[in-house]
Every structure is written in C-alpha cells, then in structure tokens.
1. Would you be able to tell me the number of residues in the range A:116-131 that are surrounded by fewer than 24 Cβ atoms within 10 Å (Cβ to Cβ) and either touching a residue at least 24 places away in the same chain (Cβ under 8 Å) or within 11 Å of chain B (Cβ to nearest Cβ) (or both)?
2. Between a first residue in the range A:197-226 that is over 19 Å from A:Phe92 (Cβ atoms) and a second residue that is acidic (Asp, Glu) and buried (at least 18 other Cβ atoms within 10 Å of the Cβ), which pairs have beta carbons less than 6 Å apart while being 6 or more apart in sequence or on different chains?
3. Among the residues of the range A:258-295, which ones are more than 16 Å from the chain's Cα centre (by Cα) and of a type in the set (D, E, K, R)?
4. For the range B:316-324, does any single residue satisfy the condition of being open to solvent by less than 10 Å² (accessible area, probe 1.4 Å), touching a residue at least 40 places away in the same chain (Cβ under 8 Å), over 19 Å from B:Gly365 (Cβ atoms) and in contact with an Asp or Glu (Cβ under 8 Å, 6 or more places away or on another chain)?
5. Name the residues in the range B:78-92 that are of a type outside the set (A, V, I, L, M) and either surrounded by fewer than 24 Cβ atoms within 10 Å (Cβ to Cβ) or more than 8 Å from chain A (Cβ to nearest Cβ) (or both), would you?
6. Just need a number here: residues in the range A:353-380 that are buried (at least 24 other Cβ atoms within 10 Å of the Cβ) and either of a type in the set (Gly, Ala, Ser) or over 19 Å from the mean Cα position of the chain (by Cα) (or both).
7. Kindly list, by first and then second residue, each pair from a residue in the range A:363-376 that is over 14 Å from A:Gly290 (Cα atoms) and at pLDDT 95 or above to a residue that is open to solvent by 10 Å² or more (accessible area, probe 1.4 Å) and of a type in the set (Asp, Glu), limited to pairs with Cβ atoms under 6 Å and residues at least 6 apart or on different chains.
8. Could you please find all residues in the range B:3-29 being out of contact with any Lys or Arg (no Cβ under 6 Å at 6 or more places or on another chain), part of a helix (DSSP H, G or I) and in contact (Cβ under 8 Å) with a residue 12 or more places away in the chain?
Number of protein chains: 2
Amino acid sequence: MRNVYVLGVGVTKVGEHWNSSLRDLFVEASLKAINDAEISLSDIQALYVGNMCSGYLQGQESLACLMATWLGLKGISASKIEAACGSGGMAFHQAYLAIASGLYDCVLVGGVEKLTDVVTKDALSALIMADDQEYVASTGITFAGLNALVYREYMRKYGVKQEDIALFPVHCHKYAKNNPYAQFPFEITLEQVLASPLVADPIHLLESSPLSDGAAAIVLSSDKFIKGKENIVKVEASTAATDILSPHERDDITTLYATIEAAKRAYKLAKVEPKDIDVLEVHDAYSILGVIHLEDLGFAEKGKGVELIKEGQIEKDGKIPTNLSGGLKARGHPVGATGVYQLVEITWQLRNDAGKNQVQGAEIGLAQNVGGVGSYVTINILRRLR
Amino acid sequence: MRNVYVLGVGVTKVGEHWNSSLRDLFVEASLKAINDAEISLSDIQALYVGNMCSGYLQGQESLACLMATWLGLKGISASKIEAACGSGGMAFHQAYLAIASGLYDCVLVGGVEKLTDVVTKDALSALIMADDQEYVASTGITFAGLNALVYREYMRKYGVKQEDIALFPVHCHKYAKNNPYAQFPFEITLEQVLASPLVADPIHLLESSPLSDGAAAIVLSSDKFIKGKENIVKVEASTAATDILSPHERDDITTLYATIEAAKRAYKLAKVEPKDIDVLEVHDAYSILGVIHLEDLGFAEKGKGVELIKEGQIEKDGKIPTNLSGGLKARGHPVGATGVYQLVEITWQLRNDAGKNQVQGAEIGLAQNVGGVGSYVTINILRRLR
C-alpha cells in the first residue's frame, strides 16, 4: 500500500446556520482545506463527500457532483459516501483507499450535514434511518431511545452510577470553550446535566449531542505532494468495521463489537497499542457512549471507563487526552461531517495548532467515528511526520 | 496498482417487485454472485452498495450495514455509494480501488433500487434529485424534461431526424427478448415507438427507460483468489469523471464531457482503443443518450451515431455490439443497480455465458454508466483472462 498524508484541513463553525445551505458550508470548509494544503484546485483528482441525510431532508442527491461544481472542480471523480452518523469517517476511509491504490495522488474529502432550518421534515425522523426502518423505526422509537436502552443496561450490568457517566459531557464542555468552531463553547456543571430535561429516560438533554449544521474537509495526498512541505501528518492506519445493524439483535449492547474489530485492525496496521496514543477523539453522541468507547478502544476495562474520567486521565495532561475539541456534545454533531471534524482536530493537535487545548508533544492521534448504535465504526490513526 | 478480477456475478430479474423489499432484492443478487464466485461468506472483507433513492423513497439510510446484516456479514467494512443514476458504476469503481489499494482481497459490490411500490413519495421527485434541487428541480422540470432539451438541441445542431434516433430502443428490445432478467423481453417496432405517448416532448414513452426494481452484485478479488479458477475476468481499467452538475450551465449539451474524460483515461489505462472493444453497454436512459454515447465513446463522429445503428454496426455481429442486454430501455433501469447490471452482462459476454445474445469470441468489454444528464460517468473495461 502507498503512503497517504494529510496535506491540509478546514472546518466551518458548528451551529445553526440559517443563512448557509449545504453547499455553502461544504465550499467554505473545502476552500480552507485547499488553502491550508497549499495546492491549487487543478491538483485535486477525486472528491469524497460524507453525508447521511441530504436525500431525506434536502431532497438532494448527486451531492458530490454538486459540491464539485460549486468548487469549480469539473472533470474529477466524485462520490457521496453514506454510513449513517459514521459517514464522515467512512468517506475518509474511502479517500484513503483512493490514494493508497495508486490511481489518485490528491483527493479532497469532506463531510457536511444540515439538520436545522429544514421546514418540511424533522431531523429525528432522519436520524432513525440509521437503524432499520421496517423493523425498528416503525415501532416509533427515536435514536435517543435506542441509546437509552444501552445506557440502562450498562448501569445494570456494571453497577455504574449516572452521576459518574454524566461527567463525560462536563469534561467535553470544559475544553469546547477554547474551540472557536464549537457549537457550545462554554462550561456546564454536573448539577446542570442531571437537572436538564430527559430526552429519553435516562438520557438528559445535556448528555445528548445537539442537532447541528457544519462541514469539515481534508486534502489527502500521496508522497508526490509532500516534498519540501512542513506540518505533514501521515495516515498510519484507516479501518472500518460493522456490527449487526440493530442493537436488539446483538448478544451484548454494552460493548460495541465494531469498535473492537476496527481498533484491533488499526492498532496492528499502525503497529501501536492504546498506550502509544497521545490524543483521542471518540464519538460521544450520548454520554454513555463516551464511556463505552474508552473501554472498547482499550483504555479501560469494561465497566471502568468512568474511573479514567474521575482520575483526570482524559484531561489535556492525562494519560489519554480525549475529546479536547468538545466532542459531539459540545463541538456539535453535524452528522455526516463529524468524522471529518474529528480528523481535522487530531491533525491540529499533531501539528501543534490546537491553541489552549494543545497536548504537548502529541505525535500519534486516533479518531473513532460511529454510525448508528455501533453499526459502523471507522478508526483512523494519524502520526506527525514532521 | 494491484490487479483486480471479477470472480462472480449475480442479478435479480428487473421489474416491479411488489413482494420484495430492497433487502430481499440485494440479498438474492448477492448470494448468486457469491455462489458463482465459489467463495464463502467469510472471505468477504468489504461491501459497497450502489443506491440513489433509499433515503428519499424508503426512509432508509445505513443501507450498507443493513445489507451486510441480512447477508450475515458481521464485522466487514460497508459503505453506500451515491452518484445519482451512476451509483452502481461508482460503487464498482470504489470496490475496485479497495482491492487495488492492497487493504482488501475480496470485496462484494452490489447495486439496488426500488422505484415501484412506494406509497408516500413519487419516483419522479426522487429522480430529479440527480440535478440541483434549489436551482433546477424547483422550476418543476422532470428528469425526462432535461433530456428532452438535449434531444431537441441535438436534432437542431446535427440535422438528425427523430425516426433515426428512435431506432435505438427498437434495437435494445430486439435483444432483450433473449435476456431472462429483462423487464421487457419482447420486440417493438419503430412505428410503435413513434406512436407511443409523449413523456416530455419530443421523448416518447418507448424512448424512455422505465421505472424498475432490481439488484445486481459482483465479487471482486485480488490475485489471491484466482488460482485454479476458470472463467476469470480482469478489470483492465476503472475510471470516473464528472461534468458541471446542471446541463444549462454547460457550453454544449449534445456531448457529455464526463464520458469523453472518463473514456480517455480508461482507454489509456487499459491500453486499448475503441476499435479493440468487442462488446459494449451504454447508459441509454433515453434513446438520444444511446446515440450520443456511441459518439462520445469514440465509435462514431458527432452527429453520425445513428449511422452506426442503420448500418447494423451495433448488432451482435456488427463492429461494436451494443446493449445486447436490452439496455436501460428494455432490460430496465433500477437506478443505483444499473451500472452493476451492465458489468454483470459484460462479464457474461466475456465468459461466453450470454446465450442467444453471445458475441462470438468476445474478449474485451466496456460499460458506461451515467449519473444525472452526464453529471457523473464511470467507464469500466473488462478483459477475459481465461
């Protein structure tokens, strides 16, 4: 396999963008990434767009050609990649394969989603498309409802208290306040989390990622483009795995098999272990998932994820600094873009560009992006090259 | 780049499948391809699903994980690929890159679409998502309407008569009658075509591809799987290109720039010229497109495509046997599956499995799949290995 590098990155602020359409957001993030990469538009040979809901919410498919057109990229290859809430990480995986294959030397990958400002459809009906429409969505359950079942079962099985699990969003908000692109750049307290309304019992509003609009983009290249350039980050491993689609069909809903499988492959390809990871972004769609991911990725034993948080190990100066972007909860969760945001944020850390949230000397970073309730997981491991 | 081979293929009959859901169709075609490839389920490492409308028409995303689950493929990588009506060919392109990259050795790629038996939405609103929802679909134009503009301009520019262009569907139906998977396996006459109702002036109903349900699947592999196997077909080239999304923004709508661009790259990679192609499948969504594709692919000068048809050159024993499957018009056009159907049909030809429509000694085949009005084009060139 050929080497693949992150040449440039860009994002929009996450939020409710009532004055920007899908294309506006995507073009803004992409032009930032292209400028950051110091390439010209004509260098780009292929485009990958991660997105989940454009067909349902905006009545727009052909999304990748639309974005190529608005970027002035006539002639290139272009595809939309859908893997539910994991569409961004999966688009990155496909873009990685495109370079690794040898057919393309310079590829733009971006994720975009617009969940607000949709007048005729509702975002909750869009998000439950992540599970089975005929056998699960038809019961009326929401996506939060599915995760509430996971939350309850996890507390029952491991005897962990909600007050501890709810520390995860408090942690995320603490760092989001230093992230200029975060949707909610302010701190919250544990008391506020536990006093906030229930979204789906036992999930409180402040344990749940928000509805967000946003776009993030990355320029990937082969060796051909990195000569003489500073701030180069290498993709050490890119893996993807799936589980049985619907949680009710699985043996154990307190662990995500797809995370374990994708991580095992990624650690092997990158020749690293969890202890080698300097900075981590996990897919905390709900507080309980943040905790479960820390365990499934190998940073804590099952049932012990909250201990890491309580010991300060996921802080900036801890053993495994986690979600210093603010995570899905506080940076925001523009569904199909989230996986790409995570990889931009890891890149900033490895390039020493993370400002107040910088982990000193970070060299290796890992991003975990999830689609559905662990239906898809992509793991991407990046390393600072120079 | 590593070599990539077609190991097995399978399709469902195209038609109105009122008793089969998206997943039923996909699983049927996939199991046929897996059996044809003589592999076991556990050999498959990644799945690519080509589909355009599932979010809009079925309220179902997470489509690739759903299909992996119903096939019993827990753990593998899985992605849905969307490129409008070119989703199938684009999914094949991504599956090709996955093997070529070296990360995967055995990949299943399938296309699936269900346009009939949809109660709350209409297929025409789904198909216009191939163009720009905000600037084009909002005018009320249909997808047939866009192609009608191309048809009119082509006749004006080149002085070609409708009676000649309308020979294309007559040709397709002539061969569809021997295709057991075709939606319309019977002959039609030129008089019937020209007397059929107008869909969008000047396009007659019998010049227009139908609304179809169906699925097609292919197993691709690296060298690792071909030892000792017969009937192996090699992917000589796989390319993809885009044009400006909307036809009204282009300089010339009587030629598809994306076809020319993707074909140029494919001929170069495969080291062949148009004269070397033994069997051809083109994306004849409307009669006029069949004619335009023959020209853009290099088999006729601009404005002279109909001459090929009149001279019998696209017949089974002609210079460039074309759409012997029946094409989109008569085999049917299950949108996101069409590009995969074409590649299955080319494979059958190269394996001498095409029955009454067999082109004697066919060694090299080309499939051209289009999304939108030439917004996306994928070109895949296959060659019989043994």
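1. Initial filter on the range A:116-131 (surrounded by fewer than 24 Cβ atoms within 10 Å (Cβ to Cβ)): A:116-125.
So of that shortlist, the ones also either touching a residue at least 24 places away in the same chain (Cβ under 8 Å) or within 11 Å of chain B (Cβ to nearest Cβ) (or both) come out as A:116-118, A:121, A:123, A:125.
Residues flagged as surrounded by fewer than 24 Cβ atoms within 10 Å (Cβ to Cβ) and either touching a residue at least 24 places away in the same chain (Cβ under 8 Å) or within 11 Å of chain B (Cβ to nearest Cβ) (or both) within the range A:116-131 amount to 6.
2. Partner pairs satisfying both residue conditions: A:Lys224/A:Asp105.
3. A:Glu261, A:Lys264, A:Arg265, A:Lys268, A:Lys271, A:Glu273, A:Lys275, A:Asp276, A:Asp278, A:Glu295
4. For the range B:316-324, residues open to solvent by less than 10 Å² (accessible area, probe 1.4 Å), touching a residue at least 40 places away in the same chain (Cβ under 8 Å), over 19 Å from B:Gly365 (Cβ atoms) and in contact with an Asp or Glu (Cβ under 8 Å, 6 or more places away or on another chain): absent.
5. B:Cys85, B:Gly86, B:Ser87, B:Gly88, B:Gly89, B:Phe92
6. Selection size over the range A:353-380: 6.
7. A:Glu363/A:Asp278; A:Ile364/A:Asp276; A:Ile364/A:Asp278
8. Correct list: B:Arg23, B:Leu25, B:Phe26, B:Val27, B:Glu28, B:Ala29.
The values are calculated or read from the model by the stated rules, or taken from the named source; none is laboratory data. These numbers come from a predicted model, not from an experiment. Methodologically, a virtual Cβ is constructed for each residue, glycine included, from the backbone with ideal geometry; neighbour enumeration extends over all protein chains shown. Just the protein is used for accessible areas: all its heavy atoms, side chains included, with ligands, DNA and RNA removed. Shrake-Rupley method; radii C 1.70, N 1.55, O 1.52, S 1.80 Å.
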